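The next block holds one structure in the form of structure tokens; read it before the comments.
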Amino acid sequence: MTARPHAYVGRFAPSPTGSLHLGSLLAAVGSFVDARHHGGRWLVRMEDLDTTRVIPGCADEMLRTLETFALHWDGAVEYQSTRTQHYRQALEELRARNLTFECSCTRQDRSPRGAYPGTCRAGPRHAGPTATRFLVEGGRIDFEDRIQGACSFELGQLGDVVVRRRDGVFAYQLAVVVDDALQGVTQVVRGADLLDNTPWQLTLQRALRLPAPGYAHLPLVVEARGDKLAKSRRSLALQPAAAGLLLHQVLTLLGQNPPDKLKLELPQSILTWATEHWRPQAMAGVREVPAPS
């Protein structure tokens, strides 16, 4: 299932459900600059499995925006919607090893907080459509995040994660580990809001005998109240005319201290500076940064 390994392969994997905004630009820049700093490749993958949320034309708009900001990717853009046979194969492998079960629980059946309690492990409690869950046994999982440092999670507190939804759509947790393996991704650089998903993904990688990439979780841009920027009224589409200012702003949020004169430079020059001066250690342990006022 895995692609030929490369010294460094990174990726940016947005969902085409809305325009790129400051928070998503930060994730794109962080992953891009980290890849280029290490002389690696940078891939773009559209996570478009949930067709009910995908906005027609949004993926193309995202790609145009990335190009405007000089975030040029390597190779062809991949689309999850064209790769369902790979997810199906992975799910069948998990089923064959008795690592999944069918779950009839609805949102109303589940507590809004806490891990899934294993209600349907012995079989669905209700008739009708079911989701497929990956059986997560107890124990602890530890990993070293290049930005957040040593991370430790109790798997029993995470619960059994959905890998195929009730509507038949393959879930994010399964698709992302399959995609990263297929594309030979060696380093995942993404927002800290996905840090808690990493234990599930590491566990799925082990179950499917897939290589585990390294992880680096960038600070998340939040509002003053702590709300994720993507969910706020200020998660506005990026303005290409302000590309230099926005890139400077993002590098500042990432703790890179770009000189003021860079604001007047072209995006390519700004990213060249960032690649040469990249210091992930400047973000060590930082999970959130306030959005500019």
Practice item. With the condition kept exactly as written, say whether any residue in segment 5-16 is of a type in the set (D, E, K, R) and farther than 23 Å from L266 by Cβ. Key: yes
Practice item. Taking R83 as the residue in question, decide whether it is charged (D, E, K, R), modelled with pLDDT of 95 or more, under 19 Å from the mean Cα position of the chain (by Cα) and closer than 30 Å to P124 by Cα. Key: yes
Review point. In segment 46-59, is there at least one residue being hydrophobic (A, V, I, L, M, F, W, C), surrounded by 16 or more Cβ atoms within 10 Å (Cβ to Cβ) and out of contact with any Asp or Glu (no Cβ under 8 Å at 6 or more places or on another chain)?
Key: yes
Practice item. Those residues that are in a loop (DSSP other than H, G, I, E, B) and either assigned by TED's automatic domain parsing to the domain that holds T51 or at pLDDT below 95 (or both), I need them from segment 137-159; list them, please. Key: E137, G138, G139, G159
Exercise for review: Being within 21 Å of the chain's Cα centre (by Cα) and within 30 Å of T17 (Cα to Cα) narrows it down to one of L91, L155, so name that one.
Suggested key: L91
Check your understanding: Being in contact with a Gly (Cβ under 8 Å, 6 or more places away or on another chain) and at pLDDT 95 or above, is that true of even one residue in segment 50-60?
Key -> yes
Review point. Within segment 244-285, can you find the residues that are over 12 Å from L26 (Cβ atoms), part of a loop (DSSP other than H, G, I, E, B) and aliphatic (A, V, I, L, M)?
Key: L266, A284
Point to revise | Failed criterion for L43 (all others in (1) assigned to a helix (DSSP H, G or I); (2) touching a strand residue (DSSP E or B) at 6+ places or on another chain (Cβ under 6 Å) hold) | key: (1)
Point to revise | Matching residues, segment 5-16, being at pLDDT 95 or above and either over 10 Å from the mean Cα position of the chain (by Cα) or among the aromatic types (F, W, Y) (or both) | key: Y8, V9, G10, F12, P16
**Study point:** Residues located in segment 165-180, provided they are crowded, with 20+ Cβ neighbours inside 10 Å and assigned to a helix (DSSP H, G or I)
**Key:** Y172, L174, A175, V176, V177, V178, D179, D180
Exercise for review: Could you grab me the full set of residues in segment 198-224 that are assigned to a helix (DSSP H, G or I) and charged (D, E, K, R)?
Suggested key: R206
Check your understanding: Taking the stated definitions as given, is G18 assigned to a strand (DSSP E or B), in contact (Cβ under 8 Å) with a residue 24 or more places away in the chain and not β-branched (V, I, T)?
Key -> no
Revision key, fill the gap. With criteria (1) among the aliphatic types (A, V, I, L, M); (2) under 14 Å from the mean Cα position of the chain (by Cα); (3) not in a loop (DSSP other than H, G, I, E, B), V185 comes up short on (3)
Exercise for review: Of all residues in segment 138-176, count the ones that are farther than 21 Å from L195 by Cβ and either hydrophobic (A, V, I, L, M, F, W, C) or out of contact with any strand residue (DSSP E or B) (no Cβ under 8 Å at 6 or more places or on another chain) (or both).
Suggested key: 4
Point to revise | Single residue of segment 21-50 satisfying the filter (without any contact (Cβ under 8 Å) to a residue 60 or more places away in the chain and within 26 Å of H86 (Cβ to Cβ)) that is farthest from the chain's Cα centre (by Cα) | key: R41
Exercise for review: Being closer than 20 Å to Q256 by Cβ, surrounded by fewer than 23 Cβ atoms within 10 Å (Cβ to Cβ) and of a type in the set (D, E, K, R) is the filter here, so list the residues in segment 9-45 that pass it.
Suggested key: R36
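The values are calculated or read from the model by the stated rules, or taken from the named source; none is laboratory data. On a predicted model such as this, the values are computed, not experimentally measured, just so you know. Here Cβ is always computed from backbone atoms with ideal geometry, including for glycine, and neighbour counts include all displayed protein chains.
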